[in-house]
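Novice: I'd like to ask some things about the structure below.
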Amino acid sequence: MEHDTTQWAFELEDISFAWDRDEVLSVERLQLSRGERLFLGGPSGSGKSSMLSLLSGVETPQRGQVDILGTRLNSLTSSMRDQFRADHIGYIFQMFNLVPYLSVVENVCLPLKFSKTRAARVDSATAEAERLLTQLGMGDHIQRSVFELSVGQQQRVAAARALIGSPELILADEPTSALDKESAQQFIELLFTECNKAKTSLVLVSHDQDLKQHFETCYLLGGQSA
């Protein structure tokens, strides 16, 4: 499961993916260099969520190759893909998926319990969680229940959880969908700052076309790269 020193965060080639025989995603070739940011757009039903499922190893394509950090996910078993994802990929879910009975800081530390690789990159899980939360404007809410947080605050907790332990790739599914324009802009800037510090690659799915201007690479499903 060791990945090599390839320059690519991911490489997709000749991809076809279908649910119940109906193809929802077809990609001839798509690459992202390590440390770069990709905006992934397209209309509803164009396959954006399916793309994230392939990049995270939750699903595998019916045809084609998915290489993440030099590792061919197609060649791994389901359990091996789960561990690879825990070690190397941070995921910001559209619905956050925070654990309601854990505090804010406990939610952020959760990935380190599933990955020795990410845990080894921090001296103190709690201290690193508090640093990330503070950088994301959540320093005054560290010990609160997630039930007490606004939608925007929950998104920042989800971002901190994805970032902890410096995973090489962050996948963000509509992370600004519930925010107003000003809050969305602030959230993206904070996310970029933390990704830049760790030289983490970022793939962000969004319907907000105004966000494209902040990304080195844009890819529109159902269309062409832009």
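Bear in mind that the values in this text are calculations on the coordinates, not laboratory data. Because the structure is predicted, anything quoted here is derived from the model rather than measured. Please note: Cβ atoms are built from the backbone with ideal geometry, for glycine as well, and neighbour counts cover all protein chains shown.
Novice: Per the Kirkwood treatment, what hydrodynamic radius in Å, one decimal, follows for the stretch 42-83 from the mean inverse distance over all distinct Cα pairs?
Specialist: 10.9
Novice: Something else about it: What's the exposure ranking of Arg131, Arg156, going from fewest to most Cβ atoms within 10 Å?
Specialist: So the residues, fewest neighbours to most, are Arg131, Arg156.
Novice: ³J(HN,Hα) across the stretch 53-61 via Karplus (A = 6.51, B = -1.76, C = 1.60, θ = phi - 60°), whole Hz, x for Gly/Pro?
Specialist: For the stretch 53-61, the Karplus-derived couplings read 5, 6, 5, 8, x, 5, 10, 10, x Hz, x marking Gly and Pro.
Novice: Where Rh is the Kirkwood radius over the Cα pairs of the stretch 143-211, the temperature 25 °C and the viscosity 0.890 mPa s, what D in µm²/s does Stokes-Einstein return?
Specialist: Working: Rh = 12.6 Å.
My calculation gives 195 µm²/s for D.
Novice: Assuming 0.36 nm per residue, please report the length gained on full extension of the stretch Arg131 to Ser79 beyond their Cα-Cα distance.
Specialist: So the chain would gain 15.6 nm between Arg131 and Ser79.
Novice: Can you put Met51, Met95 in order of Cβ neighbours within 10 angstrom, beginning with the fewest?
Specialist: Details: Met51 26, Met95 11.
Result, fewest neighbours first: Met95, Met51.
Novice: Nearest 500 deg cm²/dmol is fine: what mean residue ellipticity at 222 nm does the chain get from its DSSP H runs of n ≥ 4 alone, each adding -39,500 (n - 2.57), divided by its residue count?
Specialist: Roughly -10500 deg cm²/dmol at 222 nm, from the helical runs in the chain.
Novice: Now, a different point. Relative contact order, percent, of the stretch 91-226 when contacts are C-alpha pairs under 8 Å separated by at least 6 residues? Mind showing how you got there, number by number?
Specialist: Details: 179 pairs, mean separation 37.7, N = 136.
Reported as a whole number, the value is 28 percent.
Novice: On a 0 to 90° scale, report how tilted helix 78-88 is relative to the longest principal axis of the chain, with both axes built from alpha carbons and the result rounded to the nearest 10.
Specialist: 50
Novice: Going out from 0 in 5 Å bins, what whole percent of all Cα-Cα distances in the chain drops into each bin?
Specialist: Per 5 Å bin, starting at zero, the Cα-Cα P(r) for the chain comes out as 1, 7, 15, 19, 20, 16, 12, 7, 2, 0 percent.
Novice: Sorting Ser206, Ser79 on the 10 Å Cβ count, fewest up front, what's the list?
Specialist: Listed from fewest to most nearby Cβ atoms, that is Ser79, Ser206.
Novice: Roughly what angle does helix 104-114 make with the longest principal axis of the chain, taking Cα atoms, 0 to 90 degrees, to the nearest 10?
Specialist: 50
Novice: Shifting gears a bit: Return one number: the angle in degrees, 0 to 90 and rounded to the nearest 10, between the long axis of the Cα atoms of helix 151-163 and the longest principal axis of the Cα atoms of the chain.
Specialist: Helix 151-163 sits roughly 70 degrees off the main axis of the chain.
Novice: Cα extents of the stretch 24-107 along the three principal axes, largest first, in whole Å?
Specialist: If we take the Cα atoms of the stretch 24-107, the spans are 43, 31, 26 Å.
Novice: Same structure again: Between exposed GluC sites (Glu not before Pro) in the chain, where DSSP calls loop and at most 12 other Cβ atoms lie within 10 Å, what's the longest gap? All intermediate terms of the calculation are to be shown ahead of the outcome.
Specialist: Numbers: sites that count: Glu2, Glu216.
Longest run free of exposed loop sites: 3-215.
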